[in-house]
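So the structure is just underneath, and the comments pick up after that.
The values are calculated or read from the model by the stated rules, or taken from the named source; none is laboratory data. Note that this is a predicted model, so its numbers are computed, not measured. Ideal geometry is used to build each Cβ from the backbone, glycine not excepted, and the neighbour counts take in all protein chains shown.
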Amino acid sequence: MPDRHSARAVLAALTDDFQPMPTPAADPHEPDGPIEWWGYAAAVTKAEENTGELESVLCGVGTVGGVRAVLVAFEFGFLGGSIGGRTGALVEAAFAEAVRLRLPVVSLTATGGSRMQEGMRALTQLQRIANAMHGLRAAGLPHIAVLRDPTTGGGWATLGAGADVTLALRGAQVGFAGSRVRPEGPADAYTAESQFDTGQVDQLVTLTELPAALGRWLTLLTSPSDSAPVPAALGGFALPATGWDAVQRARAAARPHAAAYLDSYFDWWQELSGDRHGGRDPGVLCGFGSRAGRTIAFAAQCGTATLPSGFRTAARLVLLADRLGIPVLTLVDTPGAANDSAAERAGLGPAIASLFDAIAAARVEITTLLIGEGGSGGALAFAAPGRTWCTSDSYFSVTAPEAAAAILKHGPGQVPGIANRLRLRPQDLVDLGVAAGIVCPHATAPGSPR
């Protein structure tokens with residue numbers, strides 16, 4: 001069932017040392033609010049009596065999974081968790097306290113949106129909250145959102161969708177339009193599951209799973225490593241004799257792929273899912289992993305043609321990691337960018353450009369390992385200039401040998417010879433200065449056989 005637990009019940013499930021911040025008293029000069037909505041004062045009094053709370057949000061500091069954080073928990077029983085003037089003031093103060101204490105923020109939303117009885121003053125609280133969120137980002141601190149039931153209106157469009165990482169409780173109603181104001185029709189788009197499928201939510205959890213999941217994310221986002229070491233190769237070390245041999249070895253189904261490298265490199269890792277623009281690419285794994293107790297971010301291609309959403313998700317990952325001071329590992333393995341008409345309509349060019357720009361602008365260390373196919377610009381967008389290594393069962397090429405043959409109007413029989421002429425083998429990449437070296441299996445540092 002969707003979660004309608006009280007704010008205090010959810011907080012109690014997450015932390016046993018919650019220290020609340022004070023709630024400001026209502027303005028005695030505006031008993032019925034800024035627009036003098038008749039009966040508003042009585043409604044607030046009834047909400048206080050029913051919930052035991054003074055406002056629709058509780059803010060304070062507590063420890064979750066061993067990490068201290070500022071917690072912002074909405075009480076849906078208080079006027080539908082609606083956002084009014086005091087709500088905005090409390091959320092603003094909580095984010096300011098997080099900046100002062102250098103702590104992450106966890107927002108636990110359950111809200112129907114802005115408080116109608118306060119008119120436009122209530123709606124402008126969204127600007128106030130957005131400004132507070134910007135201050136946290138500028139301070140290099142993370143914000144994790146947990147979407148409870150329901151999360152709609154301005155609460156979704158600020159604290160929910162604007163967080164660095166967004167978790168959602170299974171079965172929750174999530175969407176900008178609430179159930180009473182949306183157009184008639186299927187409601188499946190307004191669910192946590194739909195928001196996950198379309199790249200707006202990173203992880204779906206149950207209330208029982210929430211404490212552990214939240215603890216993992218808080219640990220990852222607050223424990224940056226100093227660097228991203230080059231992974232050891234998982235395959236063999238014998239180098240390919242020809243370019244065509246390199247292509248065939250990189251395309252072999254049995255060679256190690258991205259998930260195997262992530263499992264070998266990290267003690268454990270957590271996936272960041274979706275591009276926040278309506279898409280998910282199952283062929284790109286992005287997220288954060290723990291290695292010897294410190295966090296490294298990763299963006300890994302899984303051997304398929306990369307979709308626009310894959311490039312945007314990787315750019316999102318690099319930008320977030322850079323802001324939090326977390327180094328990044330990228331794994332390159334793709335025959336190239338998806339270049340069909342659907343990809344073009346989905347903004348393929350701008351998506352690739354966004355990743356090139358994110359890597360170019362990054363201040364943290366980015367390390368790249370080519371683990372399979374390196375197909376043209378769709379692969380290069382994932383690669384760090386000057387810090388790219390390769391395995392012996394990989395290749396990197398300006399274009400696929402088959403595409404080069406087509407451009408030159410040559411037949412299929414000439415593809416192997418063209419592959420040889422493209423100088424795409426690992427050892428060729430080192431000679432050309434494209435790769436810094438070829439990694440050895442089980443190596444502790446990158447090395448070259450040359």
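Before moving on, here are some points about what is shown:
- In segment 128-145, residue surrounded by the fewest Cβ atoms within 10 Å (Cβ to Cβ) [restricted to those that are in contact (Cβ under 8 Å) with a residue 60 or more places away in the chain and of a type outside the set (A, V, I, L, M, F, W, C)]: Gly140
- Within the set Leu103, Leu71, the sole residue that is of a type outside the set (D, E, K, R), within 17 Å of Leu221 (Cα to Cα) and either part of a loop (DSSP other than H, G, I, E, B) or more than 26 Å from the chain's Cα centre (by Cα) (or both) turns out to be Leu103.
- Qualifying position, being over 18 Å from Ala232 (Cα atoms), at pLDDT 95 or above and under 18 Å from the mean Cα position of the chain (by Cα), among Leu307, Leu348: Leu307
- Condition check for Arg323: in a helix (DSSP H, G or I), surrounded by 18 or more Cβ atoms within 10 Å (Cβ to Cβ) and outside the structural domain of Met133 (by TED's automatic domain parsing): yes
- When Gly60 is tested against the conditions (1) over 18 Å from Pro22 (Cα atoms); (2) more than 24 Å from the chain's Cα centre (by Cα); (3) assigned to a strand (DSSP E or B), the lone failure is (1).
- You will find that of Ala258, Ala228, Ala238, the residue that is outside the structural domain of Asp428 (by TED's automatic domain parsing) and under 30 Å from Gly349 (Cβ atoms) is Ala228 and no other.
- Applying a threshold of 6 Å to beta carbon distances and a minimum spacing of six or more residues, or different chains, the list of pairs starting in segment 150-176 at a residue that is assigned by TED's automatic domain parsing to the domain that holds Gln195 and ending at one that is β-branched (Val, Ile, Thr) and outside any strand (DSSP E or B) reads Thr158/Ile129; Thr166/Val201; Ala168/Val201; Arg170/Thr206.
- When Gly372, Gly287 are screened for being modelled with pLDDT of 95 or more and within 23 Å of Leu424 (Cα to Cα), only Gly372 passes.
- If only residues of segment 10-41 that are modelled with pLDDT of 95 or more and surrounded by fewer than 13 Cβ atoms within 10 Å (Cβ to Cβ) are counted, the one that is farthest from Val61 (Cα to Cα) is Asp17.
- All conditions but one from (1) of a type in the set (Lys, Arg); (2) over 23 Å from Asp275 (Cβ atoms); (3) surrounded by fewer than 22 Cβ atoms within 10 Å (Cβ to Cβ) apply to Arg148; the one that does not is (3).
- Every test in (1) crowded, with 24+ Cβ neighbours inside 10 Å; (2) of a type in the set (A, V, I, L, M); (3) touching a Pro at 6+ places or on another chain (Cβ under 6 Å) is passed by Ala346 save one, and that test is (1).
- In the condition set (1) within 18 Å of Leu58 (Cβ to Cβ); (2) without any contact (Cβ under 8 Å) to a residue 40 or more places away in the chain; (3) part of a helix (DSSP H, G or I); (4) among the small types (Gly, Ala, Ser), Ala93 is compliant with all but (2).
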